[in-house]
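Student: Please read through the structure below; I'll follow up with questions.
Derivation of every value follows stated rules applied to the coordinates shown; laboratory data play no part. Just so you know, these numbers come straight off a predicted model, no measurement behind them. Ideal geometry is used to build each Cβ from the backbone, glycine not excepted, and the neighbour counts take in all protein chains shown.
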Amino acid sequence: MRFEGKSVVVTGAGSGIGRKTALLFAAEGARVLAADINDTVKDTAALHSSISLFQGDAGCKGDVVGMIEKAVSYHGGLDVIAANAGISGGVAGLDDQDEEDWAQVLRVNLIGAFLAVKYGSRAMRDAGTKGAIVCTASVAGLRAGAGGPAYSASKAGVINLVQIAAQELAGTGIRVNAVCPGLIETSMTLPIYASARERGREDKIGQLNPLRRGGEPEEIAQAIAFLASEQAGYVNGHALIVDGGLATSHPFVPARRG
């Protein structure tokens, strides 16, 4: 029960990683505010008695401020934010995307994380809370080849954001970190998984990482919970890669074994 009595906000909690993260925090004693723009957040809240919901846009200042205020009002404070909300923006190349595509992806993925850090840390500082903020980035933010251009750039921004925030919050006791998932089965990656299964190639999912498999949302939730817990009390400004080992190598043709 690492989060007994803690107040936690999870954005993008309507499905996938966000839902599993909200459920994990609740199972470990937290009072969780599950936030999402989609109606599916109601389903998440219905899964555990310690989860309440907030329906709003993670990339909208007014909604984020309202979300933080509700968490503080309902739960008497704020200890943890998991800024997980994000969109993929598709996999079209640079020449096929326009500024509107980029603006929307950056608004949700990067500005959304910025707003969570800004207003979440402000609530923590006002209460003198030594809290934790965990932003969901991606291995796509480390180098090319793991996502669309706008998505990858936005996640690179998230990684840099947590480094900046860790420095700017020096002396407050508030830690800011990121988790960088690899290929995880969620609604965002559904087309990849569905296509592989339709072609009878499910065994090829995750073939580029040493574990030779895709990841599960629960595995990312566990990483987020670790970074938010006292077990990671000396971890700050870090991007934790959870990708089965994908990011450990440059592209190469693996040797055949057996």
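Student: Report, to the nearest 10°, how far helix 149-168 tilts away from the longest principal axis of the Cα atoms in the chain, using its own Cα long axis and a range of 0 to 90°.
Tutor: Computed tilt is about 40 degrees.
Student: Around V162, what is the net charge, scoring Lys/Arg as +1 and Asp/Glu as -1 over all other residues with Cβ under 12 Å from its Cβ? Please report the intermediate quantities before stating the final value.
Tutor: Numbers: positive: K155, R175; negative: E168.
Summing Lys/Arg as +1 and Asp/Glu as -1 gives +1.
Student: Another question, if that's okay. Here are some pairs, K6/K70; K20/K155; K42/K130; which of them have Cα atoms lying more than 25 Å apart in this structure?
Tutor: Details: K6/K70 15 Å; K20/K155 21 Å; K42/K130 30 Å.
Going by Cα-Cα distance, K42/K130 fall outside the 25 Å limit.
Student: Based on other C-beta atoms within 10 Å, arrange D43, D243 from fewest to most.
Tutor: Values: D43 15, D243 24.
Going from least to most buried by this count: D43, D243.
Student: When the chain is fully extended, how far beyond the present Cα-Cα distance does Q104 get from V91, taking 0.36 nm per residue of separation?
Tutor: On the way: separation 13, 0.36 × 13 = 4.68 nm, distance 1.43 nm.
Extra length from Q104 to V91 when fully extended: 3.3 nm.
Student: Pairing the Cα long axis of helix 16-27 with the longest principal axis of the chain, what angle in degrees results, from 0 to 90 and rounded to the nearest 10?
Tutor: Its long axis makes an angle of about 40 degrees.
Student: With springs only between Cα atoms under 10 Å, which of G147, G16, G62 fluctuates most in a Gaussian network model of the chain?
Tutor: Maximum fluctuation in the GNM of the chain, among the listed residues, is at G62.
Student: How do V176, V158 line up, fewest other C-beta atoms within 10 Å first?
Tutor: Details: V176 28, V158 25.
By the 10 Å Cβ count, ascending, the order reads V158, V176.
Student: Let me ask something additional. Net charge within 10 Å of P217 by Cβ-Cβ distance, Lys/Arg positive one each and Asp/Glu negative one each, not counting P217 itself? Present the calculation step by step, with values, prior to reporting the outcome.
Tutor: Numbers: positive: R19, K20; negative: E185, E216, E218, E219.
In short, -2.
Student: Rounded, prolate or oblate: which fits segment 1-84 when a ≥ b ≥ c are the square roots of the eigenvalues of the alpha-carbon gyration tensor, with rounded for a/c under 1.5 and prolate only if a/b beats b/c?
Tutor: Numbers: a/c = 1.76, a/b = 1.17, b/c = 1.50.
The shape class here is oblate.
Student: Please check the chain for the longest run free of chymotrypsin sites (Phe, Trp or Tyr not before Pro) that are loop-located per DSSP (anything but H, G, I, E, B) and have at most 12 other Cβ atoms within 10 Å.
Tutor: Values: sites that count: Y234, F252.
Segment 1-233 is the longest.
Student: Also, I was wondering about something else. Only counting other Cβ atoms within 10 Å, I'd like I174, I159 sorted with the fewest neighbours first.
Tutor: Taking fewest neighbouring Cβ atoms as first place, the list is I159, I174.
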